[in-house]
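Trainee: One structure is given below, represented as structure tokens, and several questions about it will come after.
The values are calculated or read from the model by the stated rules, or taken from the named source; none is laboratory data. If you're wondering where the values come from, they're calculated on a predicted model, not measured in any experiment. All Cβ positions, even for glycine, are placed from backbone atoms using ideal geometry, and neighbour counts span all protein chains on display. We work out accessible area using only protein heavy atoms, side chains counted, and drop any ligands, DNA or RNA first. Shrake-Rupley method; radii C 1.70, N 1.55, O 1.52, S 1.80 Å.
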Amino acid sequence: MRISWDDEVAIYTQRRQLVTPGELLAQGEYYPELNTFKEKDKIYSMIVGLFDYRGNRLSVVPLKHCYIPYVGDLVIGKVVDSGMSGWTVDIHSPYSALLPLTEATSRPPSIRKEVEGILRIGDLIKAKVIAFDRTKDPILTIRDRDLGRVTRGKVVKISPSKIPRLIGKKGSMINLLKKESLCDLTVGQNGVILVMCKSPEAEEAVIDVIKMIEREAHTQGLTDRVSEALRRRIGSTP
Amino acid sequence: MIKGYPERLIDENGLRLDGRRPDELRPIKLEIGVLGNADGSAYIEQGKNKILVGVYGPREIHPKHAELPNRAVLRCRYRMAPFSTEERKNPAPSRREIEISKVIREALEPAVMSEYYPRTVIDIFIEALQCDGGTRCAGIVAASLALADAGIPMRDLVSSCSAGKAGGEIILDLFDLEDKYGDADMPVALMVNLNMITLLQMDGKLNPMEFEKAFTMAMEGCRKIRGLQVEALKKRYQGIVEREGTSEFDEEGT
């Protein structure tokens, strides 16, 4: 890695170590990736998070962040306004989303009454982000399988930065939750999770476990504790 | 509380009215994440100063016409509580508060990577609950911690500290009486790791040599404060991370 004897090339921080904004992470031939930046030949962190690197690419895993939509994300949002051309949806993001009429139905209605028949203000929807580039508000669609109005179940909100942990490696955590609780879970990338169970007690139990995952997202042996908690809670309420 | 006009600001042993050495900071206590409803928050006690900061955002901007197409707007409000001073302060925003809001915003703006959240706003509310001189500096220190707590990307933490002259000596971190009856007060805000100054004000008189000395002293104070800021952040988050270096974080799946 050493370029010449004059340039110091080194990583100053260990993997998984807590770093703060402006902390010097490395110097030399490294590439700044997620949440890091380069100033001259030095790489600094720009947030509070956990340091990580792959090869010479450095990044910091955030502990807290707001939801920024990406094309293809599944989100759960609330309809907050409706107009003749579509709806405005609150997706717990700095950017409010638009659901155009054409993305809700194949036959656009001609009168207002019919628009209200599809979605009303206050409805919760499962939707997919189909366009977003930060210059305009994100566009959603509900014209796909399993999308559209949520009619039952309970909703729990967690920090969007904890969603990857809730899903786990190749979906390990979320599959464990589904298998142990026999509930149907929909995870919105914006930190909103829809829980649908057979009984309200089971729903409460699953919500508690999800909140536990959020709280202990960065601790060791979480999977074991989750399955134990689930067995304890769900086992008593079949 | 020391009242009235002090006979002299530095005693025969070279100590100040509150018993500090000329280059000594007031004791600082920092807490992070004190407000449940704000996205990020911090509380600072610096001597008798008590300041609470809440950060909201990035969030949707209202009024909509104030949005910027290329970056987030930073809004900052510094406010003194009516009970923060010896004499009751009129709760209406004063000329001074409006000015301090502006200079604090400008001290934080170079640090915040606002280009990551175009068309949004980041609101910073600084409430001075008890004031004893140097509240703008303490406000900046707490505000940059609250921003970090909110998860907003920053180039560096902003550390701030004042230096000045009282009783013929160059002193660090002036408190109310030294500010009022002293000869000069100079608040400095610094991004320590990047070595960039984001705030430099002065009132009173200093000759170039005194200025040099006071400025170096203020920079040194900022460095010490940065250490405390980092310590406070680590204390707040280490508990969540638990045992550094061993915690797992199975990142995968969307």
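Trainee: Would you mind checking which residues have amide H under 5 Å from residue B:198's amide H? H placed 1.01 Å from N; only 5 or more apart, or other chain.
Mentor: Amide H neighbours of residue B:198: B:189, B:190, B:191.
Trainee: How much accessible area per residue does the protein assembly as shown have, counting only protein heavy atoms and a probe of 1.4 Å, in square angstrom?
Mentor: Details: 23240 Å² over 492 residues.
It amounts to 47 Å² per residue over the protein assembly as shown.
Trainee: Here's something else I'd like to know. Classify region A:154-236: rounded, prolate or oblate, from the alpha-carbon gyration tensor (a ≥ b ≥ c, eigenvalue square roots; a/c under 1.5 rounded; otherwise prolate if a/b is larger than b/c)? Show your work: numbers first, answer last.
Mentor: Details: a/c = 1.62, a/b = 1.16, b/c = 1.40.
The shape class here is oblate.
Trainee: Can you work out the Karplus-derived ³J(HN,Hα) for every residue in region A:41-49? Use 6.51 cos²θ - 1.76 cosθ + 1.60 with θ = phi - 60°, whole Hz, and x for glycine or proline.
Mentor: Result, ordered by residue: 10, 10, 10, 10, 7, 10, 9, 8, x Hz.
Trainee: To the nearest 10 degrees, how steep is helix A:172-181 against the longest Cα principal axis of chain A, on a 0 to 90 scale?
Mentor: The two axes meet at around 40 degrees.
Trainee: Sum -39500 (n - 2.57) across every DSSP H segment of at least 4 residues in the protein assembly as shown, then divide by the residue count to get the 222 nm mean residue ellipticity, nearest 500.
Mentor: After summing the helix terms and dividing by the residues of the protein assembly as shown, the value is -8000 deg cm²/dmol.
Trainee: Among B:22-31, A:189-198, B:46-55, A:107-116, how do they line up from the highest to the lowest mean number of other beta-carbon atoms within 10 Å?
Mentor: Ranking, from highest mean packing down: B:46-55, A:189-198, B:22-31, A:107-116.
Trainee: Let me confirm one metric for peptide A:46-56, namely the mean number of other chain beta-carbon atoms within 10 Å of its residues' beta-carbons.
Mentor: Counting Cβ atoms of other protein chains within 10 Å of each residue's Cβ and averaging gives 4.
Trainee: Using a 10 Å cut-off around each Cβ of peptide A:20-30, what is the average number of partner chain Cβ atoms that fall inside?
Mentor: Values: counts 14, 19, 16, 5, 1, 0, 0, 0, 0, 0, 0.
Taking all residues of A:20-30 together, the mean is 5.
Trainee: Could you pull the accessible area for residue A:184 with a 1.4 Å probe, rounded to 10 Å²?
Mentor: 80
Trainee: Kindly sort A:178, A:170 by accessible area of their heavy atoms, largest first, with the probe set to 1.4 Å.
Mentor: Output order, biggest surface exposure first: A:170, A:178.
Trainee: Mind grabbing the accessible area of residue B:115 for me, 1.4 Å probe, Å², rounded to tens?
Mentor: Around 90 Å² of this residue is reachable by solvent.
Trainee: Next up: Using Cα-Cα distances under 8 Å and only pairs 6 or more residues apart, what relative contact order does chain A have, in percent? Could the numbers behind the result be given before it?
Mentor: Working: 463 pairs, mean separation 32.6, N = 238.
Worked out over chain A, it gives 14 percent.
Trainee: Now for a separate question. Note down the relative contact order for region A:10-62 as a percent, whole number, built from C-alpha pairs under 8 angstrom at least six residues apart.
Mentor: Details: 130 pairs, mean separation 20.2, N = 53.
Result for region A:10-62 is 38 percent.
Trainee: Suppose accessible area is computed on protein heavy atoms with a 1.4 Å probe; arrange A:137, A:224 from highest to lowest.
Mentor: Largest accessible area first, the list is A:224, A:137.
Trainee: Quote the accessible area belonging to residue A:157 in square angstrom, nearest 10, computed with a 1.4 Å probe and with ligands, DNA and RNA left uncounted.
Mentor: 120
Trainee: Summarise the partner chain shielding of A:219-226 as one whole number: the mean count of Cβ atoms from other chains within 10 Å of each residue's Cβ.
Mentor: Taking all residues of A:219-226 together, the mean is 3.
Trainee: Same structure, new question: Below 8 Å, C-alpha to C-alpha, sequence gap of six or more: please give me the relative contact order for chain B in percent.
Mentor: 20
Trainee: While we're looking at this one, here's another question. Only Cα pairs within less than 10 Å get springs; with that Gaussian network setup on chain A, which residue of A:217, A:26, A:127 has the largest fluctuation?
Mentor: Of A:217, A:26, A:127, the Gaussian network model singles out A:26 as fluctuating most.
Trainee: Which order do B:217, B:191 take when ranked by solvent-accessible area (1.4 Å probe, heavy atoms of all protein chains), largest first?
Mentor: If we order B:217, B:191 from most to least accessible, we get B:217, B:191.
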